[in-house]
Structures are given as C-alpha cells and as structure tokens.
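J.: Submitted below is the structure of interest, expressed as structure tokens.
The values are calculated or read from the model by the stated rules, or taken from the named source; none is laboratory data. What you see is a predicted model; the values in this text were computed from it and never measured. Neighbour counts run over all protein chains shown; Cβ positions are idealised from the backbone, glycine included. Surface accessibility is based on the protein's heavy atoms, side chains included, excluding ligands, DNA and RNA. Shrake-Rupley method; radii C 1.70, N 1.55, O 1.52, S 1.80 Å.
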Amino acid sequence: MVDSVVDSSHSNGSDIASLSPLIQLQFVSTTVLQQALDLVENILTSDDQLTVTSKFLPGSTIGKHLRHARDHFILLIDCVAGPAPHIFSYDTRSRNTPMESNLSEAREALKQAISRVNEVVPTANLDIPLTLNAVTPFMQTFETTFGRELWFAGLHAVHHWSMVRVIAGELDIKLNDDFGFAPSTLVYKGSEALLGKAKI
C-alpha cells in the first residue's frame, strides 16, 4: 500500500473537510491515482488487457489512458519541484511507454506518481504561479497556479478513468462502482466516503 496523507477507508467527509485546501487536493490526487493502481494490481489479470483497442473509442486502450492521465500529474509535479520560473506544457508526452503494455511497469509508474505527489505537494503552495504552454491547436500561453492545475490533473484523470470503464466493459471486466466518476457526482450520489470507496 502506498503511503498517503489520509486513508479514506478510515475517514469521513468531515475529516477531509477539516484539512487545508492543499492537503485536500493532495488527497484527491492520490485517491484518483490509487484507483488506477488498484486496477492494475487487483483487477486486470494480463498485460494484453492494457493493449486491446476499444471498438467504441477508436485508438483507445486502457494502457494509453492510464499513461496519459499519469503524465499530467508528473509534468505538473516536476515543474513545481523545479526552480522558478515554472513553465510547462501538458503536450510534452512520452508515447508507447512500457506502462502502456505491461502491468508490472504500470504498477511501478503509478506508485512513482503517488510518491511524487506525496513528496512535493505538502511543501508547495497552491498559489505558486505557473506558465502553461498549450497547443489548442494554435500555440497559446496561459498564466495559472499550482492549485488550479492540481485540481485539473485530478479531474482530467477521472475523465480518462471513465473511458477506461468503457473499455473494461468491452472486455467484461467489472470495476469498482466509484471508478471513473467525478468527485461531485459521488458526493451528489451520497457515497459513503469522498471519492467513493477508493482505497488509499
């Protein structure tokens, strides 16, 4: 089990709500990444399941979605952990990495991402200014903050987990009920814990 700031299986909404906004975002980030780690450790049973191309989402595989969402966290965390000025781009990606086709590699990559979040976030500041370069497809530059982008990385991952859910359904793989749903949806549905029952 990867260390994290809060264990959601022993916490309730008021416990999380009493934490600082920074630690709340750390909790959300590690919970979302832990959902992916649980997937590769406890649900998927073969490397092939990472590479099956979806019939409904052309070009999509479970492995590609896991890698893409993890990359956003790593690009952001590496930027903030480095010296100012903090300039980065989510379009800087490594495609066809080992984690896209190998469960063991995916496990290690996701564990590393969780460790990096837990290492960097607690000593950071949500208001750290960042410059984000993006292809929209036109080159754009945006001024943003670490807090805004950490929130976005978590929401972005949930979006990709929902597509993983579609592909898993094609493969007759049953996922946990909370996998691939936005935190606001889970709160609206009255889940027992924030972000459902995800293990941290």
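J.: Express in nm, to one decimal, how much length is gained between Ala84 and Ser162 on full extension, taking 0.36 nm for each residue of separation and deducting their alpha carbon distance.
T.: Contour length minus the Cα-Cα distance gives 24.6 nm.
J.: Which trypsin sites (Lys or Arg not before Pro) in segment 117-186 pass both tests, a DSSP loop state and at most 14 other beta-carbon atoms within 10 Å?
T.: Here the trypsin sites (Lys or Arg not before Pro) that fit, given the DSSP loop and packing criteria, are Lys174.
J.: Modelling each spin label as a point 7 Å along the Cα-to-Cβ direction, I'd like the Asp91/Asp48 distance in nm, to one decimal.
T.: 3.8
J.: Can you bin segment 71-156 into rounded, prolate or oblate? Criterion: square roots of the alpha carbon gyration tensor eigenvalues sorted a ≥ b ≥ c, rounded for a/c under 1.5, prolate for a/b above b/c, oblate for the rest.
T.: The shape class here is oblate.
J.: Can you give me the accessible area per residue for segment 106-186, using a 1.4 Å probe, in Å²?
T.: 50
J.: How big, in percent, is the set of alpha carbon pairs in segment 1-154 lying more than 26 Å apart?
T.: Value for segment 1-154: 32 percent of Cα pairs lie more than 26 Å apart.
J.: Next question. If I stretch the segment between Ala182 and Thr141 completely, what's the gain in nm (0.36 nm per residue apart, minus their alpha carbon distance), one decimal?
T.: 12.0 nm
J.: Moving on to the next point. For segment 109-133 and segment 18-44, what is the centre-to-centre distance using only Cα atoms, to the nearest Å?
T.: With segment 109-133 and segment 18-44 each reduced to a Cα centre, they are spaced 13 Å.
J.: Let me ask something additional. Report in % the part of the accessible area of segment 120-185 that belongs to carbon and sulfur, leaving out ligands and nucleic acids; probe 1.4 Å.
T.: Carbon-and-sulfur percentage of accessible area, whole number: 60.
J.: Between Asp172 and Glu41, what is the FRET efficiency for a Förster distance of 22 Å, r being their Cβ-Cβ separation, to the nearest 0.05?
T.: About 0.70, to the nearest 0.05.
J.: Take Thr131, project a point 7 Å from its Cα along the Cβ direction, then tell me which residues of segment 71-91 have their backbone nitrogen under 11 Å from it.
T.: 85-88
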